[in-house]
Amino acid sequence: MRRIGLVAVLLALVATPAWAGSDPAAADATRVKGKVVFPVTDARTACSFQPQGTKLKEHCVPAFGSFAGIPGAAGASVGWTWLLQTENGKSTGKGTETGILKLNFGGRTLELALTGRVKPFGTQPAGGGRTKTTGTCKVKKKTGFARTVAGTVGPTCTYTFDATYKGTVYTKLVFTIDVQVV
């Protein structure tokens, strides 16, 4: 009888989730980590450009994209605004970025507010180039994800945005995100 009781206790310990006994909010947290890819986008139709003093404001909303990663596949939409420094009337490619990235996991949705710094990345060939944004994000809205107890530390969220263009066409638009949704 003692042996059966000992086995039951050992099985209960093995079956206990790793988060048990620690922060109870960890049990309700969901990791969203992966890449969001948007289709080739013509800036002439998907973006607007407006001079703002010594800067250029570029606002873009490409067609729907797709997310692949954890916790699974999702549809995606994004809108971003760059406020880029200019020299001699031309953009330097350096500036700030704000935006909204929305993911739809079919019943569960996540909306992230993005804030980052954009700058040219790698070789900048004539008539084209590549920019990269590194930043942080905040969960602006969520539906269908677990709720946690009050008083827990807020979610962490980081992202990069890699945009390659040739002429007026964005040939590559990829967001890489890592967010802990609580």
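The values are calculated or read from the model by the stated rules, or taken from the named source; none is laboratory data. Keep in mind that what you see is a predicted model, and the values were worked out from it rather than measured. Positions of Cβ are generated from backbone atoms using ideal geometry, with glycine treated the same way; all protein chains shown enter the neighbour counts.
Filter segment 28-63 for residues that are of a type in the set (Asp, Glu) and surrounded by 16 or more Cβ atoms within 10 Å (Cβ to Cβ); which is modelled with the highest pLDDT?
Ranking the candidates gives Glu58 first.
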In segment 95-132, how many are in contact (Cβ under 8 Å) with a residue 40 or more places away in the chain, closer than 22 Å to Arg31 by Cα and of a type in the set (Val, Ile, Thr)? 1
Among (1) in contact with a Gly (Cβ under 9 Å, 6 or more places away or on another chain); (2) without any contact (Cβ under 8 Å) to a residue 40 or more places away in the chain, Trp80 falls short only on (2)
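Table: residues versus (1) in contact with a strand residue (DSSP E or B) (Cβ under 9 Å, 6 or more places away or on another chain); (2) farther than 15 Å from Tyr170 by Cα.
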residue: His59; (1), (2): yes, no
residue: Ala68; (1), (2): yes, yes
residue: Pro71; (1), (2): yes, yes
residue: Gln85; (1), (2): yes, yes
residue: Asn88; (1), (2): no, yes
residue: Ser91; (1), (2): yes, yes
residue: Lys94; (1), (2): yes, yes
residue: Arg117; (1), (2): yes, yes
residue: Ala126; (1), (2): no, no
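Tell me which strands (runs of 3 or more DSSP E) are completely within segment 55-162 and hold 3 or more residues being more than 15 Å from Asp178 (Cα to Cα) and not aromatic (Phe, Trp, Tyr), or say none if there are none.
Values: elements: 55-60, 65-70, 74-87, 90-104, 109-120, 128-143.
Fully inside segment 55-162 and qualifying: 55-60, 74-87, 90-104, 109-120, 128-143.
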Which of the residues belonging to segment 137-176 are modelled with pLDDT under 90 and touching a Gly at 6+ places or on another chain (Cβ under 7 Å)? Gly144
